[in-house]
Every structure is written in structure tokens, then in C-alpha cells.
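What follows is a single structure, written as C-alpha cells, with notes after it.
Quick note: the coordinates plus some simple rules give every number you see, no bench work behind them. Not measured: the values here are computed from a predicted model. As a convention, Cβ positions derive from the backbone with ideal geometry for all residues, glycine included, and neighbour counts pool all protein chains shown.
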Amino acid sequence: MEAKSPAQMAGINPGDELVAIDGFRVENLPDRLRDYDPGQEIKVTVFQRDQLRTYPVVLATPLPDRYNIVALRDCTPEQQENLDNWLGHHQTAINI
């Protein structure tokens, strides 16, 4: 669970067992959340320390879970140094 996520802000904690969203069992969370839009309020039911609890959660815009690294046409020496440090070795920038 992301720090300061809508679920955490609503009171749901890491380790809580997700049971349902709006009264429907959750088998695959990403698939279930596709039915909703950012800004919508949902009711999330969890087992929290062996107690069944339901929390209202206002959905946020999903954060990306993947990024693409694209080489610049003309790297400055500082950008090349940052790339080398990030990769942990010398990597020549790719010209596009």
C-alpha cells in the first residue's frame, strides 16, 4: 500500500484483508477498480485485526506502475554522468 494513498488515509492498513468493494467480493483488485473513476467514493470492506470493517474511500488517479527511459538526442556531460551513475557503469547515450 502506498503511503498517503486513499486507502491509508481512510484507515485501511497494510496487512488488512480486503474482502469487498461496494458489497462485491474482490478476487482481482485491478479488475474490480476498472469499474470506477477517480473521484468516486467506494465502500471498502476489510478484516482488520479479526474485525470486519467498512471504510469509505475516495479514489485517486492511479499512479503509473511502469516507466520508459528514452535517450536524449544530445546529452549534456551532466546528463551523461547522471546516466552513468544511475546505471552503475559507463553507458554511451543512444543517438536517436
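Under a Cβ-only charge scheme (Lys and Arg +1, Asp and Glu -1), can you give me the dipole magnitude of the chain about the Cα centre, in debye to the nearest 20?
Taking the Cα centre of the chain as origin, the dipole is about 260 debye.
Treating the angle as unsigned and between 0 and 90°, give the value, to the nearest 10°, between the Cα long axis of helix 77-87 and the longest Cα principal axis of the chain.
So the helix axis and the longest Cα principal axis differ by about 50 degrees.
I need the peptides 50-61, 28-39, 7-18 ranked by packing, meaning the mean over residues of other C-beta atoms within 10 angstrom, with the highest value on top.
Result, highest mean first: 7-18, 50-61, 28-39.
In whole angstrom, and with the biggest value first, how far do the Cα coordinates of the chain range along each principal axis?
56, 27, 21
Modelling each spin label as a point 7 Å along the Cα-to-Cβ direction, I'd like the residue 13/residue 54 distance in nm, to one decimal.
2.2
So what is the calculated 222 nm ellipticity per residue for the chain, using -39500 (n - 2.57) for each DSSP H run with n of 4 or more, over all residues, to the nearest 500 deg cm²/dmol?
Rounded to the nearest 500, the figure is -5500 deg cm²/dmol.
Report the one residue of 21, 82, 68 whose Cα lies farthest in the direction of the positive end of the charge dipole of the chain (charges on C-beta: Lys and Arg +1, Asp and Glu -1; origin at the Cα centre).
My answer, from the dipole projection, is 21.
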